[in-house]
Amino acid sequence: MASTGSTASAGDRTAASVGSSRAQAPPSAQVDPLAALRTRHDPPWDVYLTGTVFLDIVFTGLDSAPVRGTESWARGMGSSPGGVANMATALARLGLRTSLAAAFGDDHYGEYCWDALEQGEGIDLTPSRTVPGWHSPVTVSMAYEGERTMVSHGHEPPPDEPAPDCPPRARAAVASLIPGRSAPWIAQAVRKGARIFGDVGWDDTGAWDLTGLSDLRHCEAFLPNAQEAMRYTRTDCPRAAAHALAEHVPVAVVTLGAEGAYAVDRRTGETAEVPAIAVEALDPTGAGDVFVAGFVTGTLAGWPLADRLAFAGLTAALSVQEFGGSLSAPGWAEIGAWWRRVQSVEGQDPAALRRYAFLAGLVPEEPVRPWPRRRAVPTIGFRRSA
């Protein structure tokens, strides 16, 4: 198919957020995908997640990879919160009430990231904290030829700055599984009724031992990419890998890059495959996180497996057309604009249009924006005009 904020001190920010933990719809959301399911007995949050927030500095428009001993000029640049902020922002922009536990530096980068997430996106930061004397982790990402190269710097927060002892009640939680390491909060979240959606990074040890992902047993769904899935299952086909993973988790989703995604639901025996949407990618940073956010949204809303895959792929495709990771995540205005546009293009494949027909009852009829959409900007700290 066709294709900042306030300068309150660290202590002031933390104290202010503790008193405002009532779940509300994010300010950027125009649609509540769970509206028909909500009751007064619901947990306060739709999704809880924890992790590291980076400041991302993204260079785009490079003709090729930087060459040693030379200077390369990028035609575009953007700055935005990154790391776990990518996922948190994507979830909030899709209308899910999102709570994030993370450490923030007490430097200007940390202030910017905190305000962008709490004030700009409506993400609950009550479980988060500012760490005195700790500088924000930073990632520089260079996008070229549809790929990206990243350089990061940061330090672990001090050991006397632990994560919250117990996560808040939520419908779901997104967890990054780490080989050989268990995260106690995951089991705690499950006991409180949360459905766990697990992703995973590259195994630098080279072991690729599925038994080392001990928290996989708590997961409702597991969403690796094709290379990760094949290495963990010792298969040479991503679809075969998905079926092998489904022996360990109820729903296995394998992303196939330009080919789309494939999923297996062990409980129902259902499989689904949805091709990717062809777009001109400006910056792929955070696209995998946006995909997971789309799949979580569709799952919590009770959509069929194929609709969840299609929606996840669509949100990821829309995100790569903007700078940055977190602030490139689409909201319902962008999704609605895409749906209206593709229907007006002559010669569209009727079968392809039917694949996304479920959007008709969801997207806003008019592209009304309740506030200007935040995008990544070349620098941070611009003074706001009076």
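Side notes on the structure shown:
- For V274, nonlocal amide neighbours, meaning residues 5 or more places apart or on other chains whose placed amide H falls under 5 Å from its own, are A261.
- For the Cα trace of the range 304-363, dividing Rg by the Kirkwood Rh returns an Rg/Rh value of 0.97.
- Per-residue 3J(HN,Hα) values for the range 301-316, derived from phi via the Karplus relation 6.51 cos²θ - 1.76 cosθ + 1.60 with θ = phi - 60°, read 7, x, 6, x, 4, 5, 5, 4, 5, 4, 5, 4, x, 5, 4, 5 Hz in sequence order (x marks Gly and Pro).
- Among P66, S128, G110 the positive-end extreme of the charge dipole of the range 54-157 (Cβ point charges): P66
- Rounded to the nearest whole angstrom, the semi-axes of the ellipsoid equivalent to the range 62-114, taken from the Cα gyration tensor as √(5λ), stand at 31, 16, 9, largest first.
- Cα gyration tensor category, rounded, prolate or oblate, for the range 114-154 with a/c compared to 1.5: oblate
- Solvent-accessible area, 1.4 Å probe, carbon plus sulfur percent, for the range 170-244: 51 percent
- Under 5 Å from the amide H of R97 lie the amide H atoms of D46, V47, each residue being 5 or more positions distant or on a separate chain, with H modelled from the backbone and absent for Pro and chain starts.
- In Hz, Karplus ³J(HN,Hα) per residue of the range 34-39 (6.51, -1.76, 1.60; θ = phi - 60°; x = Gly, Pro): 10, 3, 6, 9, 6, 9
- One way to sum up the overall shape of the range 114-270 is the equivalent ellipsoid from its Cα gyration tensor, whose semi-axes run 29, 22, 16 Å, largest first.
- Note, ³J(HN,Hα) from phi for the range 84-93, Karplus 6.51, -1.76, 1.60, rounded to Hz, x at Gly and Pro: 5, 5, 4, 5, 4, 5, 4, 5, 5, 5
- Shape call, the range 179-274: gyration tensor on alpha carbons, a/c limit 1.5: oblate
- DSSP beta bridges in the range 130-289 [antiparallel fraction, %, rounded to 5]: 60 percent
- Solvent-accessible area per residue for the range 74-125 (1.4 angstrom probe, square angstrom): 21 Å²
- T130 long-range amide H proximity, modeled H, under 5 Å: F104
- The range 293-331 and the range 57-129 have their alpha-carbon centroids 18 Å apart.
- Estimated translational D of the range 246-354 in µm²/s (Stokes, Kirkwood radius over Cα pairs; 4 °C; 1.567 mPa s): 89 µm²/s
- Each Lys or Arg adds one and each Asp or Glu subtracts one; over the other residues with Cβ under 12 Å from the Cβ of V138, this totals -2.
The values are calculated or read from the model by the stated rules, or taken from the named source; none is laboratory data. As the structure is a computational prediction, the values presented were derived from the model and not from experiment. Neighbour counts run over all protein chains shown; Cβ positions are idealised from the backbone, glycine included. Surface accessibility is based on the protein's heavy atoms, side chains included, excluding ligands, DNA and RNA. Shrake-Rupley method; radii C 1.70, N 1.55, O 1.52, S 1.80 Å.
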